[in-house]
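A short worksheet on the structure shown next.
The values are calculated or read from the model by the stated rules, or taken from the named source; none is laboratory data. This is a predicted model, so every value here is computed, not measured. When we count neighbours, we look across all protein chains shown, and the Cβ atoms used for this are built from the backbone with ideal geometry, even at glycine. We work out accessible area using only protein heavy atoms, side chains counted, and drop any ligands, DNA or RNA first. Shrake-Rupley method; radii C 1.70, N 1.55, O 1.52, S 1.80 Å.
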Amino acid sequence: MRRVTFVGIAASAALAGGLLVSAPAEAAPGDPVSVRPERTIIGTKAGAKPPWDVHLSASGRTYAADFHRDRVVVYRAGARGKARPLYSLRGSRSGVFEPRGVARDSAGRLYVANGNNRVLVFGKNARGNVRPIRVLRAGMAVGSVSMTPDNRLMVSGSGGVKIYRRSASGNAKPVREISGDKTQLQYAFDVRMNVDGRIWATFDEAEILTVFAPGAKGNVAPERTITQEGPGLWEPELLAFDRAGRAYIGTHEGHVTVLRHDATGRPAPLFVLSDRRHGHVNGLSVSRTGKVAVSGRNKIVVYPRLRAVTAPWAVRGVSVSGSPTATNRVVRWAQPLADGGASITGYRVTVKQGNRKVKAVTLKASRRSYALKRRNLPAGTSTVLVRAKNRKGYGPGTPLTFTVTR
């Protein structure tokens, strides 16, 4: 798992099943591109070690796991240059020891992957030498912590992946676990969950990524594998995702490669960020606003949004209630798994019979249903289409047919 060495090159090569490749000799379509940073936070001491993990909040605050000093430091929004931390978490009461990863939940609580097989949980306003509000004993060497799209705690380590309720503490039992020889997760470098519920894992020396199906648990094999001989994915290590479901992969050579959410085989990268500004990637984070933070070379570099906002994904679970003779038919749906990188601003419900438009209405973003009156619907079979909208435009929809009987 991330930052925890369990196997050597030979074991990683065996995992790859002969897919181990060398660094590319010539450029590929995904040539690295240098991007001007928005700001850079520089270490205050020459030769200081870079943070092992970073978390960039939507407000711009930067949280960094300082493994070498047994602390977590927090920089204010807009911090740059030799900025002093706003505050830190450290000391005997805090229990912070060789922190390897940091994450925050929707309530602002901070989760720290500790070096003693534990996850420490601190309140939103915790600072200094304070006790954590909870301590989770993971029962394995912890490599990383992260929050799932449904705001649960995911812990990866030497025993695989464990997903807990946010309130978990002590020796709590995970609500879901993926581990065993078929998963090969004991050899992974980093493991994270994308917006669609799929769990991605990187295998640096094996030079592959694997992706597990939503809801996967137990000793299961991944649903697909990603590998590439081009410059973009040589020795993939760190993972992050944006709100459009795109995967950001920090490689051993220092580049950050961006892939589609459905990438498989040997995909062409959407974008490759050069290591020129930040060097080797020690920590990687994508904020809700799409900005990217990379730690490396004794500094934290914050980049503007690397990829443009896209239209939302398709809405989910569209249904039409009632029998063909019902007075009212209610169309219901669930919001898309990915909003494309910008908040959903509304929904469009369209009803057609053949090529004739029967009804079209635009609803607020808070709506998840719309009632159709039978008297306004033609007899026979009609099709309803629900699409989500953000500032980029409308996403796709999946047509659903229903019948009206007079």
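Worth a mention:
Okay, residues lined up against (1) in a loop (DSSP other than H, G, I, E, B); (2) open to solvent by 20 Å² or more (accessible area, probe 1.4 Å); (3) under 18 Å from VAL301 (Cβ atoms); (4) not acidic (Asp, Glu):
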| position | (1), (2), (3), (4) |
| --- | --- |
| THR225 | no, yes, no, yes |
| ALA240 | no, no, yes, yes |
| ALA244 | yes, no, no, yes |
| ILE249 | no, no, yes, yes |
| GLU253 | yes, yes, yes, no |
| PRO269 | yes, yes, no, yes |
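- Residue-level analysis places LEU56 among those that are at pLDDT 95 or above, among the hydrophobic types (A, V, I, L, M, F, W, C) and either in contact with an Asp or Glu (Cβ under 6 Å, 6 or more places away or on another chain) or closer than 29 Å to PRO269 by Cβ (or both).
- Qualifying residue in the range 191-201 (condition: open to solvent by 10 Å² or more (accessible area, probe 1.4 Å), among the hydrophobic types (A, V, I, L, M, F, W, C) and either closer than 12 Å to HIS261 by Cα or modelled with pLDDT under 95 (or both)): yes
- Count of the range 390-403 residues, restricted to those that are touching a Lys or Arg at 6+ places or on another chain (Cβ under 7 Å), within 14 Å of PRO336 (Cα to Cα) and open to solvent by less than 70 Å² (accessible area, probe 1.4 Å), is 2.
- Among the residues making up the range 279-305, those that are open to solvent by 20 Å² or more (accessible area, probe 1.4 Å) and at pLDDT 95 or above are VAL286, ARG288, THR289, LYS291, PRO304, ARG305.
- Selected residue [free of Cβ contacts under 8 Å to residues at least 24 places away in the same chain, in a loop (DSSP other than H, G, I, E, B) and open to solvent by 10 Å² or more (accessible area, probe 1.4 Å)] from ALA58, ALA77, ALA83: ALA77
- For first residues located in the range 371-389 and within 22 Å of VAL315 (Cα to Cα), partners that are aliphatic (A, V, I, L, M) and open to solvent by less than 20 Å² (accessible area, probe 1.4 Å) and lie 6+ apart or on another chain with Cβ distances below 6 Å form the pairs SER382/VAL351; VAL384/VAL331; VAL384/VAL351; VAL386/VAL315; VAL386/VAL349; ALA388/VAL315.
- Odd one out for ARG406, checked against (1) at pLDDT 95 or above; (2) open to solvent by 80 Å² or more (accessible area, probe 1.4 Å): (1)
- Failed condition for ARG387, given (1) under 30 Å from LEU259 (Cα atoms); (2) over 21 Å from the mean Cα position of the chain (by Cα); (3) surrounded by fewer than 18 Cβ atoms within 10 Å (Cβ to Cβ): (3)
- Test: residue in the range 287-303 that is aliphatic (A, V, I, L, M) and part of a loop (DSSP other than H, G, I, E, B): no
- Residue among VAL4, VAL21, VAL35 that is closer than 26 Å to GLU235 by Cα, hydrophobic (A, V, I, L, M, F, W, C), at pLDDT 95 or above and part of a loop (DSSP other than H, G, I, E, B): VAL35
- When residues in the range 198-221 are screened for being of a type outside the set (A, V, I, L, M) and farther than 20 Å from GLY143 by Cα, 2 of them pass.
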